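Peer 1: I have a structure here, written as structure tokens, and I will follow up with some questions on it.
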Amino acid sequence: QVQFVESGGGLVQPGGSLRLSCAASRSISSIYLMGWYRQAPGKQRELVARIISGGMTIYADSVKGRFTISRDNAKNTVYLQMNSLGPEDTAVYYCNYHPPQSRYWGQGTQVTVSS
């Protein structure tokens, strides 16, 4: 089994940036699709971005042009660079396979955008 550990969240002002990391407990080079997800208070978890092993990326409309997903197979890590953050981006962010597998949800990392 694999474990995903998210980090890099925090409190940031509107317009700011954060870079999230998702460290896997084993090699991710064989994982075809990885995704970043988020869950805001009172809302369902949603897919933010996904990345194919070859590097192709797909984004939710709400983050397109502001977020960038990337992966470093050598470091077993998937990243999410988030720019131009707004209050609507406040959520707990998770990584997982895509489609997600329930047993692999980690603790997530909290992102709070507030002045």
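Peer 1: With the requirement that a residue be open to solvent by 30 Å² or more (accessible area, probe 1.4 Å) and farther than 15 Å from GLU6 by Cα, what does segment 79-99 give you?
Peer 2: Those that are open to solvent by 30 Å² or more (accessible area, probe 1.4 Å) and farther than 15 Å from GLU6 by Cα: ASN83, SER84, PRO87, GLU88, THR90, HIS98, PRO99.
Peer 1: Got at least one residue in segment 51-72 being open to solvent by 50 Å² or more (accessible area, probe 1.4 Å), of a type outside the set (S, T, N, Q), touching a residue at least 40 places away in the same chain (Cβ under 8 Å) and more than 18 Å from VAL113 (Cα to Cα)?
Peer 2: no
Peer 1: For segment 73-115, enumerate the residues that are polar (S, T, N, Q) and either more than 13 Å from the chain's Cα centre (by Cα) or part of a loop (DSSP other than H, G, I, E, B) (or both).
Peer 2: First pass over segment 73-115, keeping only residues polar (S, T, N, Q): 73, 76-77, 81, 83-84, 90, 96, 101-102, 107, 109-110, 112, 114-115.
Answer for segment 73-115, where residues must be polar (S, T, N, Q) and either more than 13 Å from the chain's Cα centre (by Cα) or part of a loop (DSSP other than H, G, I, E, B) (or both): ASN73, ASN76, ASN83, SER84, THR90, GLN101, SER102, GLN107, THR112, SER114, SER115.
Peer 1: For segment 7-34, which residues satisfy the criterion of being in a loop (DSSP other than H, G, I, E, B) and touching a residue at least 60 places away in the same chain (Cβ under 8 Å)?
Peer 2: The initial filter retains those residues of segment 7-34 that are in a loop (DSSP other than H, G, I, E, B), namely 8-9, 13-17, 25-32.
Once the filter is applied, which keeps residues that are in a loop (DSSP other than H, G, I, E, B) and touching a residue at least 60 places away in the same chain (Cβ under 8 Å), segment 7-34 yields GLY8, GLY9, GLN13, PRO14, GLY15, GLY16, SER17, ILE31.
Peer 1: Only residues that are aliphatic (A, V, I, L, M) and either open to solvent by 30 Å² or more (accessible area, probe 1.4 Å) or modelled with pLDDT under 95 (or both): list them for segment 35-50, please. Before you say what the answer is, go through the steps one by one.
Peer 2: Within segment 35-50, the subset aliphatic (A, V, I, L, M) is 40, 47-49.
Within segment 35-50, just LEU47 meets the criteria.
Peer 1: Hey, VAL2 hits all of (1) within 14 Å of the chain's Cα centre (by Cα); (2) open to solvent by less than 30 Å² (accessible area, probe 1.4 Å) but one; which does it fall short on?
Peer 2: Single failed check for VAL2: (1).
Peer 1: Just checking, does segment 22-32 include any residue being surrounded by 14 or more Cβ atoms within 10 Å (Cβ to Cβ), of a type outside the set (Phe, Trp, Tyr) and in contact with an Asp or Glu (Cβ under 7 Å, 6 or more places away or on another chain)? So that I can check it myself, show each step before the final result.
Peer 2: Filtering segment 22-32 down to residues surrounded by 14 or more Cβ atoms within 10 Å (Cβ to Cβ) leaves 22-24, 28, 31.
Those left that are additionally of a type outside the set (Phe, Trp, Tyr): 22-24, 28, 31.
Checking the rest, the ones that are also in contact with an Asp or Glu (Cβ under 7 Å, 6 or more places away or on another chain) come to 22.
Within segment 22-32, one or more residues are surrounded by 14 or more Cβ atoms within 10 Å (Cβ to Cβ), of a type outside the set (Phe, Trp, Tyr) and in contact with an Asp or Glu (Cβ under 7 Å, 6 or more places away or on another chain).
The values are calculated or read from the model by the stated rules, or taken from the named source; none is laboratory data. Just so it is clear, the structure is predicted and the values come from calculations on it, not from any experiment. Ideal geometry is used to build each Cβ from the backbone, glycine not excepted, and the neighbour counts take in all protein chains shown. All accessible areas refer to the heavy atoms of the entire protein, side chains included, with ligands and DNA or RNA removed. Shrake-Rupley method; radii C 1.70, N 1.55, O 1.52, S 1.80 Å.
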